[in-house]
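Below you'll find the structure, written out as structure tokens, and then a few comments.
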């Protein structure tokens, strides 16, 4: 009874954290090597629960970015989503999939927040609420061994998808709308100014395999086709433009040749 | 009665039990009066979802839509907004963000055409 009361208290405390708390959200730490590990801690430590360490790599191998960042409403900026025990319990955010019913590889996906500690008696909340310093573990090394790597040694997710090493699901039943395929997939040529680097040919087609138009436009790329835009690598490092994904989750900016390479303009690599 | 409860108390208890039974029947899903109300609520619930899916499923081919179609989609997003704002807080967080993304994209395509 005491355990249940404590669990209920934690859930209610997490749910009770107000809107104002999002504004004071702690920084989200991303690690390039782990393809976008983030620490989610808008509500957790305030509710005396360790922060959630979320691994993009674990989820990206199974779902496209679109599923979470469009269909499930996960924001691209730290602290904006306001995921909480309450939203998970309501079947939104993590709870949309982590409901104890949806299947992954024939097994139910463990239920987030609700029912603790019954759903995972051995680990309880700590399955997600591990705190910020969790080691990546053997699962990451195992995944990386099976994946194609780029010249810098990072997982080449685009190649992995192309070769069928990963087959990420592109929707959640009952939540994702049925989308027609993107019809306009022209490439965008970006000329380097004052640089010895090769130009960049941005492929919409490659990106839309993972993401949707509304994820980038207008928030990340608010410009129209003929507007003169100066893409600044320093701004990208701060998370603007390409840096919204290519600082950590997608291959990092330091892997210059993947965008500025002579072959970057080819539609199919 | 055999335990000495007065007949008027029995009558009162019976009346209370009958009223309670009728009340339960009225709110139970199987009750004839409740079915239309639940069906209406469900239809209303599914209505905004159906509309949301119809409106936001066009983002992938927004570039191919005419100005008229885009204006119509923006208008439908605006009409949907109050319904989504009426949802419970958890769902409102998610669906209002999704709706805003759709609307912003359609408006972006319209604006981009003006700018060239």
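Side notes on the structure shown:
- Working from the Cα coordinates of region A:37-127, the gyration tensor eigenvalues give, after taking √(5λ), semi-axes of 19, 18, 12 Å in decreasing order.
- Residue-averaged beta-carbon neighbours from other chains (10 angstrom radius) around A:215-224: 4
- Region B:71-116 and region A:135-201: distance between their alpha carbon centers, rounded to Å: 28
- Arranged from fewest to most other beta-carbon atoms within 10 Å of their beta carbon, B:87, A:72 become B:87, A:72.
- Highest mean packing first, where packing is the average number of other Cβ atoms within 10 Å per residue, the peptides A:236-249, B:98-111, A:151-164 line up as B:98-111, A:236-249, A:151-164.
- Inverse of mean 1/r across different Cα pairs in region B:36-113, Kirkwood, Å: 13.1
- Shape call, region A:113-235: gyration tensor on alpha carbons, a/c limit 1.5: prolate
- Shielding score for B:97-104, defined as the mean number of other chain Cβ atoms within 10 Å: 5
- Gain upon complete extension [residue A:184, residue A:169; 0.36 nm per residue less C-alpha separation]: 3.2 nm
- Averaged over peptide A:128-137, the number of partner chain Cβ atoms lying within 10 Å of each residue's Cβ comes to 0.
- Mean Cβ count within 10 Å, highest first, over the residues of peptides A:87-97, B:59-69, A:171-181: A:87-97, B:59-69, A:171-181
- Förster radius 41 Å - calculated FRET efficiency between residue A:134 and residue B:49, Cβ distance, rounded to 0.05: 0.65
Bear in mind these aren't lab numbers, they're just calculated from the coordinates by the rules spelled out. Just so you know, these numbers come straight off a predicted model, no measurement behind them. No Cβ is skipped: glycine too gets one built from the backbone with ideal geometry, and neighbour counts run over all protein chains shown.
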